[in-house]
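The values are calculated or read from the model by the stated rules, or taken from the named source; none is laboratory data. Note that the structure is predicted; figures quoted are calculated from it, not measured. Note that we place each Cβ from the backbone using ideal geometry, even for glycine, and neighbour counts take in every protein chain shown. These accessible areas exclude ligands, DNA and RNA; they are computed on the full protein's heavy atoms, side chains included. Shrake-Rupley method; radii C 1.70, N 1.55, O 1.52, S 1.80 Å.
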Amino acid sequence: MSVVLNFDAEVEKSRGRPPKPPAEEQAGRLQRAREAMAARKLDALLVYGAAEVNADPIRYLSGYVHVFPGASSLLLLPLEQDPILLLDQPWHLDEARKMAFVEDVRAYPNPGRTWLADELRATVRDAFATAGVEGGRIGLLAGATPLVYREVLEAAVPDARLSPEGAAVWAELVAAPSEWDAANIRRTAQVADEGLAAAVEAAGAGVPEYEVCLRSLEQMASLGAEFLHGSGATTHINIGSFSDVISNVRPFLFTGNLLEEGQMFWLDLSACYAGCYTDTDRTISVGEPSAEQRALYDVTAEMYRVLLDGARAGVTGGELWEKGNQVAVDAGLADYLNHVYLGHTTGITTSSRPVVARGETAELVAGSFLNLELGIFVPGVGSACIENTVHVTEEGAEPINRFGLEIHVV
């Protein structure tokens, strides 16, 4: 295991500050974002963020991590002037300035405090004036920007032209991680592998679901995994031993139910390390699987093989999905396939386009990291899932997870 606990990083985290990337990486991120903005004729990028939405682009482009679910922020990145980070928690301003690598950090009133609406509009207007983009074309991550902020922008900077192209800028950054990013994504996969190994070691008949998952979380924490406050995309693990849902998600990550002989189920693990992410799934059987259960796994393994063989730069997510779906169709199991998607781009955020889903037109990009997520879920029989993070190249795709793909019999 090549990942070791970085004690300096842990000290910083315990003080409430995420470790900063090197100065050259900070500058490179802003430069790459500006190149993507210029290609789309944007004068600025405006990112709304909170712990539960857009936390990753805020962290990636400013170094700031939201401190609890109710906290939100705005990052204004002009094409030419210095970026400005605005926070709606004035009491946290000093700590935010220590945390962020953006120098201009300001407070603004939360839009929910309607009696401070004039102050909010004035603060936004002043930030746009400082950046020199009051009448510019502004890229937004449109689907995740609350309507109230659009109303504030229309009132504060009426000459600004709002564009949804900000989402394409972020997707481009996710698909083109730097060398520093890629190294940390690979370390994240190693942390995930250790978490999977700990879960399998803990599993067995009569063991509660929570013990399997907590043992895994403990192992990943010992290696520096991050557990972010209020974020659903932080390090976590969920288990499907009693699930009757045709998917690898359910409302509760784990329960106190005891694993039972004869169960075969998925184990779904997401790891976050140094602001990077990977997703992994494996299949566990309590006792030897039945012939019917093994058949489910064999189809899942064949789908994984087909998608791994077909993944390369230039292939669309939709084309890749068709290949995997056809395997399930031929086996008569298409109705029991993972209906969320069969994969997604990952790395500096947990999930981004292109996704491996029906009709996806975005193409895989060389240098990006993709999760292949194949699963079959048959209520009353069991479930099988294989999910790995792979590195996409012009020639193909290379898995970066090393933990075994076989049925793990416990």
Given (1) modelled with pLDDT of 95 or more; (2) open to solvent by 10 Å² or more (accessible area, probe 1.4 Å); (3) out of contact with any helix residue (DSSP H, G or I) (no Cβ under 6 Å at 6 or more places or on another chain); (4) among the small types (G, A, S), index of the condition A331 fails:
(3)
Within the stretch 122-154, residues under 18 Å from L87 (Cβ atoms), outside any helix (DSSP H, G or I) and not β-branched (V, I, T) come out as L141, P146
Quick one: which strands (runs of 3 or more DSSP E) sit completely within the stretch 351-403 and have at least 1 residues that are within 27 Å of A198 (Cβ to Cβ)?
369-378, 382-392, 397-399
Take the residues in the stretch 78-109 that are in contact with a strand residue (DSSP E or B) (Cβ under 7 Å, 6 or more places away or on another chain) and open to solvent by 40 Å² or more (accessible area, probe 1.4 Å), then tell me which one is modelled with the lowest pLDDT.
P90
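Take A117 and tell me if it is surrounded by 14 or more Cβ atoms within 10 Å (Cβ to Cβ), outside any loop (DSSP other than H, G, I, E, B) and at pLDDT below 95. It would help to see each step written out before you state the result.
Details: surrounded by 14 or more Cβ atoms within 10 Å (Cβ to Cβ): yes; outside any loop (DSSP other than H, G, I, E, B): yes; at pLDDT below 95: yes.
The answer is yes for A117.
Does L320 qualify as being open to solvent by less than 60 Å² (accessible area, probe 1.4 Å), modelled with pLDDT of 95 or more, closer than 27 Å to A168 by Cβ and among the aliphatic types (A, V, I, L, M)? Lay out the reasoning, then the answer.
On the way: open to solvent by less than 60 Å² (accessible area, probe 1.4 Å): yes; modelled with pLDDT of 95 or more: yes; closer than 27 Å to A168 by Cβ: yes; among the aliphatic types (A, V, I, L, M): yes.
For L320, the condition - open to solvent by less than 60 Å² (accessible area, probe 1.4 Å), modelled with pLDDT of 95 or more, closer than 27 Å to A168 by Cβ and among the aliphatic types (A, V, I, L, M) - is met.
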Count, please, the residues in the stretch 261-310 that happen to be surrounded by fewer than 24 Cβ atoms within 10 Å (Cβ to Cβ), among the small types (G, A, S) and at pLDDT 95 or above.
8
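Being open to solvent by less than 20 Å² (accessible area, probe 1.4 Å) and either touching a strand residue (DSSP E or B) at 6+ places or on another chain (Cβ under 6 Å) or farther than 24 Å from W266 by Cβ (or both) is true for just one of E179, E226, E172, E134. Which residue is that?
Working: E179 fails: open to solvent by less than 20 Å² (accessible area, probe 1.4 Å); E172 fails: open to solvent by less than 20 Å² (accessible area, probe 1.4 Å); E134 fails: open to solvent by less than 20 Å² (accessible area, probe 1.4 Å).
Only one candidate qualifies: E226.
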Which of the numbered conditions does H339 fail, given that it passes all the others? Conditions: (1) at positive phi; (2) at pLDDT below 95.
(1)
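When you look at V340, is it surrounded by fewer than 17 Cβ atoms within 10 Å (Cβ to Cβ), more than 24 Å from A51 (Cα to Cα) and not aromatic (F, W, Y), yes or no? Walk me through how you get there before you give the answer.
Details: surrounded by fewer than 17 Cβ atoms within 10 Å (Cβ to Cβ): yes; more than 24 Å from A51 (Cα to Cα): no; not aromatic (F, W, Y): yes.
It is false that V340 is surrounded by fewer than 17 Cβ atoms within 10 Å (Cβ to Cβ), more than 24 Å from A51 (Cα to Cα) and not aromatic (F, W, Y).
Table: residues versus (1) free of Cβ contacts under 8 Å to residues at least 40 places away in the same chain; (2) in contact with a Lys or Arg (Cβ under 7 Å, 6 or more places away or on another chain); (3) among the charged types (D, E, K, R).
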| site | (1), (2), (3) |
| --- | --- |
| V67 | no, no, no |
| S72 | yes, no, no |
| L76 | no, no, no |
| L93 | yes, no, no |
| M99 | no, yes, no |
| R106 | yes, no, yes |
| T114 | yes, no, no |
| L140 | no, no, no |
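Quick one: which helices (runs of 4 or more DSSP H) lie wholly within the stretch 1-77 and hold at least 3 residues that are open to solvent by 30 Å² or more (accessible area, probe 1.4 Å) and modelled with pLDDT of 90 or more? Steps first, answer last, please.
Numbers: elements: 7-14, 23-39, 55-62.
Passing ranges, in order: 23-39.
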Positions within the stretch 116-137 being free of Cβ contacts under 8 Å to residues at least 40 places away in the same chain and small (G, A, S), in sequence order
A117, A122, A129, G135
Given (1) open to solvent by 30 Å² or more (accessible area, probe 1.4 Å); (2) assigned to a loop (DSSP other than H, G, I, E, B); (3) touching a residue at least 60 places away in the same chain (Cβ under 8 Å), index of the condition Q190 fails:
(2)
